[in-house]
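Chemist: Have a look at this one.
The values are calculated or read from the model by the stated rules, or taken from the named source; none is laboratory data. None of these values were measured; they are calculated from a predicted model. With ideal geometry, Cβ positions are generated from the backbone for all residues, glycine too; neighbour counts draw on all protein chains shown. Please note that ligands, DNA and RNA were not included when accessible areas were found on the heavy atoms of the full protein model with its side chains. Shrake-Rupley method; radii C 1.70, N 1.55, O 1.52, S 1.80 Å.
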Amino acid sequence: MATIRAALPAEYEVVGEIAAKAYADAGNLPADGSYVSVLRDAADRAAEAELLIALDGDRPVGTVTVIRPGDSYAEIARAGEIEFRMLAVAPDAGGQGVGRQLVEAVVERALAEGFGRVVLCVSETAETPRRLYERMGFQRLPDRDWSPNGDFRLLGFCLDLGA
């Protein structure tokens, strides 16, 4: 079981690399490659939102960015919703439940802060994360589907918390 906590400045570079490598290895990057620099810029995510890290002992194995209303990283969240983006697990830590633990950490924050819903977007080609979200009870939110460019489509999902 990984330890989940806020990433420290000394960890930002490795967190950025975990995200960039995970997205690239899974083929979940737009063809123009522009998103790689966003994934690598963990320092900006930590300054503008909440950057979490998953640790196996002292080894970083995953990350997620937690976004609250008004954060510059918000894409689809509306009032009463917390959003997460850039969930990534190091390839050598895949299949060990790290992704689930990171999502659970987001849900725990949402409940503690009184949010009624957790939302996210995921690439339509990202089958492994989509299966995880569906197993965790997330439902499709088609009215929030969108495309950051012409060839890359993102699908909206939500988890109602009843808060």
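Chemist: Within the range 105-115, how many residues turn out to be under 12 Å from residue 5 (Cα atoms) and either over 11 Å from the mean Cα position of the chain (by Cα) or not β-branched (Val, Ile, Thr) (or both)?
Modeler: 2
Chemist: Would you be able to tell me the number of residues in the range 77-112 that are of a type in the set (A, V, I, L, M), open to solvent by less than 40 Å² (accessible area, probe 1.4 Å) and not in a helix (DSSP H, G or I)?
Modeler: So the answer is 7.
Chemist: Looking only at the range 4-57, count how many residues are open to solvent by 40 Å² or more (accessible area, probe 1.4 Å), part of a helix (DSSP H, G or I) and closer than 23 Å to residue 109 by Cα.
Modeler: 6
Chemist: Given the conditions (1) more than 25 Å from residue 3 (Cα to Cα); (2) touching a Phe, Trp or Tyr at 6+ places or on another chain (Cβ under 7 Å); (3) at pLDDT 95 or above, which single one is not true for residue 154?
Modeler: The failed condition is (3).
Chemist: Can you find even one residue in the range 23-38 that is within 17 Å of residue 55 (Cα to Cα) and small (Gly, Ala, Ser)?
Modeler: No: zero hits.
Chemist: Select from the range 150-160 the residues that are farther than 20 Å from residue 80 by Cβ and open to solvent by less than 40 Å² (accessible area, probe 1.4 Å) and list them in ascending order.
Modeler: Within the range 150-160, 152, 154, 155 qualify.
Chemist: Which residues, counting only those in the range 113-131, are surrounded by fewer than 18 Cβ atoms within 10 Å (Cβ to Cβ) and modelled with pLDDT of 90 or more?
Modeler: Those that are surrounded by fewer than 18 Cβ atoms within 10 Å (Cβ to Cβ) and modelled with pLDDT of 90 or more: 113, 114, 116, 130, 131.
Chemist: Could you grab me the full set of residues in the range 58-76 that are of a type in the set (A, V, I, L, M, F, W, C) and either open to solvent by less than 10 Å² (accessible area, probe 1.4 Å) or closer than 13 Å to residue 14 by Cβ (or both)?
Modeler: Once the filter is applied, which keeps residues that are of a type in the set (A, V, I, L, M, F, W, C) and either open to solvent by less than 10 Å² (accessible area, probe 1.4 Å) or closer than 13 Å to residue 14 by Cβ (or both), the range 58-76 yields 61, 64, 66, 67.
Chemist: Further question on the same structure: Being exposed (fewer than 14 other Cβ atoms within 10 Å of the Cβ) and acidic (Asp, Glu): is that true of residue 145 here?
Modeler: When the stated conditions are applied, residue 145 does not pass them.
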